[in-house]
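*Asks:* Just dropping this structure here.
All of the numbers you see were taken from the coordinates with simple rules; none came from a lab. Model, not experiment: these values are computed from the prediction. Cβ sites come from the backbone with ideal geometry, for glycine too, and all protein chains shown count toward neighbours.
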Amino acid sequence: MKLFDSEWKVMEVLWQQNDQTAKAVSLHLAQSAGWNKNTTYTVIKKCIDKGAIERREPNFVCHALISKQQAQTEEAQSLVDKVFGGSAELLFASLLSDRSLSKEELDRLKALVEAHEG
C-alpha cells in the first residue's frame, strides 16, 4: 500500500502513540506540522479508505491496521522496483557510494547479509 507523505504523518502518530481519537491526532499534527482539523480528518479518511486505519466507535478512535515495519518494507520494495529495476544490490551500491559507514554499521550490515545467506 502506497502511503503519501501526509498519510505517513498520520500513521507515525498512531505508531508512536497507539490508538488515538481523531481529535487527539488532529491536535498533535496541529502542533507538530501546523495542520488544521480539516486537513487531518481528510488524511485520516484517506487512510481509512486505503485500509491503513480502522475507525472505532465511540469517539472516532483511529487504529493502525498496518505496522510501521510493514509500511517500511512495502515502501522500500516499491523504491527498489521503481528506481533500481528490482535490484537490491543497486540500491545498496547507490546508498554506499556517497557515504562512509562506521565499523558498527558495517558489522550490522554484514550480520544482516549473513542471516539471509543461511
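*Asks:* Short version: ³J(HN,Hα) in whole Hz for each residue of the range 17-26, in order, from phi by Karplus 6.51 cos²θ - 1.76 cosθ + 1.60 (θ = phi - 60°), x for Gly and Pro, what are they?
*Replies:* These are the phi-based 3J(HN,Hα) values: 10, 6, 4, 9, 5, 4, 4, 5, 4, 4 Hz.
*Asks:* Over what distance in Å are the Cα centres of the range 45-114 and the range 1-39 separated?
*Replies:* If you average the Cα positions of each part, the centres end up 18 Å apart.
*Asks:* How large is the dipole of the range 17-98 about the Cα centre if only Lys and Arg carry +1 and Asp and Glu carry -1, each at its Cβ, rounded to the nearest 20 debye? Write down the numbers at each step before the final one.
*Replies:* Details: 9 positive and 9 negative charges, 105 e Å.
Value, rounded to 20: 500 debye.
*Asks:* Amide H of ILE53 versus every other amide H placed in the peptide plane: which residues, excluding those fewer than 5 positions away on the same chain, fall under 5 Å?
*Replies:* ILE48, LEU65
*Asks:* Compute, for the range 66-118, the length of the dipole vector about the Cα centre, with Cβ point charges of +1 (Lys, Arg) and -1 (Asp, Glu) only. Units Debye, rounded to 20. Walk me through the intermediate numbers first.
*Replies:* On the way: 6 positive and 10 negative charges, 25 e Å.
My answer is approximately 120 debye.
*Asks:* As an exercise, take the mean of 1/r over every pair of distinct alpha carbons in the chain, invert it, and state the Kirkwood radius in angstroms. The partial results should precede the final answer.
*Replies:* On the way: mean 1/r = 0.0607 Å⁻¹.
When all Cα pairs of the chain are included, the Kirkwood radius is 16.5 Å.
*Asks:* Charges on Cβ only, +1 for Lys and Arg, -1 for Asp and Glu, centred on the Cα centroid of the range 1-86; of TRP8, SER78, CYS62, which one is farthest towards the dipole's positive end?
*Replies:* So the residue furthest toward the plus end is CYS62.
*Asks:* Given the -39500 (n - 2.57) contribution per DSSP H run of 4+ residues, what per-residue ellipticity at 222 nm results for the chain, rounded to the nearest 500 deg cm²/dmol? Present the calculation step by step, with values, prior to reporting the outcome.
*Replies:* On the way: 6 runs with 81 residues, N = 118.
The per-residue figure over the chain is -22000 deg cm²/dmol.
*Asks:* Counting only residues 5 or more places away or on other chains, whose amide H sits under 5 Å from the amide H of THR21 once H atoms are built in the peptide plane?
*Replies:* Answer set, sorted by chain and number: CYS62.
*Asks:* Now a separate question. What lysines sit close enough to LYS37 to cross-link, taking a C-alpha to C-alpha distance under 26 Å and skipping anything fewer than 8 places away on the same chain?
*Replies:* LYS2, LYS9, LYS23, LYS45, LYS46, LYS50, LYS68
*Asks:* For helix 103-117, what angle does its Cα long axis make with the longest principal axis of the chain, in degrees from 0 to 90 and rounded to 10?
*Replies:* It works out to around 90 degrees.
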